[in-house]
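To start, the structure itself, in structure tokens.
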Amino acid sequence: MKYLVIPVLLTALLAGCQSTSQSSSTVYQGTDPSQRKRDKSELAQARTALAGQFIAQRQLDAAKRQLDEALEADSRYAPAYDMMGNLLRMEGSPSNVAKADEYFKKAISLDPNFTQARNNYGVYLSERGRYQEAIEQFNIAGGTLGYRNRAGALENLGLTYLKMNNPAAAEVAFNKAMETERGAVVAKMEMIDILINRRESLKAKEYFEDLKSLSQMHGQPMPPRLIYQGIRLNILQNNRQEIQRLSSQLLSQYPLSDEAKKLKQWLNNPTGALK
């Protein structure tokens, strides 16, 4: 499952609230309460952003400390709860994964319009096998116009439907993702398999060529799954030359991949379908 998106990172960390010294004057010189509230909110935002940097570097302990300080500064800052849920989910131990649920719920309860938290919670739920709950979150995120990762939420919706063995619903979600963002890579890759399974080679080839061109544009080799899909596609089209070329490419570039292992098994008995 994809699209855990870390909030935009701040370039500087606020040092904290400034204090004012008491004066013998009778004029009140303390900090305005509204200013203290703003300072705490800004501190929580900065700590959460720094935690995002640490998470990106897999420094999870440092990220946890920053998030603890963020929540101490502002216990109602929803992004800190969302980030904490992501952190606990990424760490992966059963106790932390279980704790993550409450943090995601808290983020959404504090800000029901926090669309990214809904998408992240959906990823968590789908990974836990709680598919119907995940679908609810992805539908909200995927239906929120203006949400920058809307296509990703729709792709996650499609992936969850595939886990439920419902390719028809997955196809609807993937098509919506591609309508939202023409370069929706996950949607195109999943649609290739759906279409090959339906023996619709022309449309599958169109998506395959799109992704192949994208790899070439960025100077990157095709990933093993895409090469494998190309082999399946050319078996369907009975293009023996391309089958041989792509098979050699997969076995030479990714000999230890799952796709290479499946291909070797098929090559030993190439009469059946390659799945």
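A short reminder: the numbers here are calculations on the coordinates, not readings from a lab. Model, not experiment: these values are computed from the prediction. Note that each Cβ is placed from the backbone with ideal geometry, even for glycine, and that neighbours are counted across all protein chains shown.
For the range 69-79, the criterion of being surrounded by 15 or more Cβ atoms within 10 Å (Cβ to Cβ), within 24 Å of Leu157 (Cα to Cα) and touching a residue at least 12 places away in the same chain (Cβ under 8 Å) is met by at least one residue.
May I ask you to list the residues in the range 50-68 that are surrounded by fewer than 17 Cβ atoms within 10 Å (Cβ to Cβ) and of a type in the set (S, T, N, Q)? Correct list: Gln53, Gln57, Gln59.
Scanning the range 235-252 for residues being polar (S, T, N, Q), under 17 Å from Pro221 (Cα atoms) and surrounded by 10 or more Cβ atoms within 10 Å (Cβ to Cβ) gives a total of 3.
Filtered by the rule that a residue be in a loop (DSSP other than H, G, I, E, B) and more than 13 Å from the chain's Cα centre (by Cα), the range 111-148 gives Asp111, Pro112, Asn113, Phe114, Arg128, Gly129, Arg130, Gly143, Thr144, Leu145, Gly146, Tyr147. For the range 200-232, a residue qualifies if it is under 20 Å from Ala169 (Cβ atoms) and surrounded by fewer than 15 Cβ atoms within 10 Å (Cβ to Cβ), and the qualifying residues are Glu200, Lys203. Among residues of the range 119-162 being basic (Lys, Arg) and within 16 Å of Thr180 (Cβ to Cβ), the one that is surrounded by the fewest Cβ atoms within 10 Å (Cβ to Cβ) is Arg148.
Restricting attention to the range 199-247, the residues being among the aromatic types (Phe, Trp, Tyr) and closer than 16 Å to Leu274 by Cα number 1.
Annotation note: Cβ proximity below 8 Å between a residue of the range 250-267 that is touching a residue at least 24 places away in the same chain (Cβ under 8 Å) and a residue that is small (Gly, Ala, Ser) (sequence gap 6+ or interchain) occurs for Leu250/Ser257; Leu250/Ala260; Tyr254/Ala260; Leu263/Ser247. Residues of the range 81-96 that are of a type in the set (D, E, K, R) and buried (at least 22 other Cβ atoms within 10 Å of the Cβ): Asp82, Arg89.
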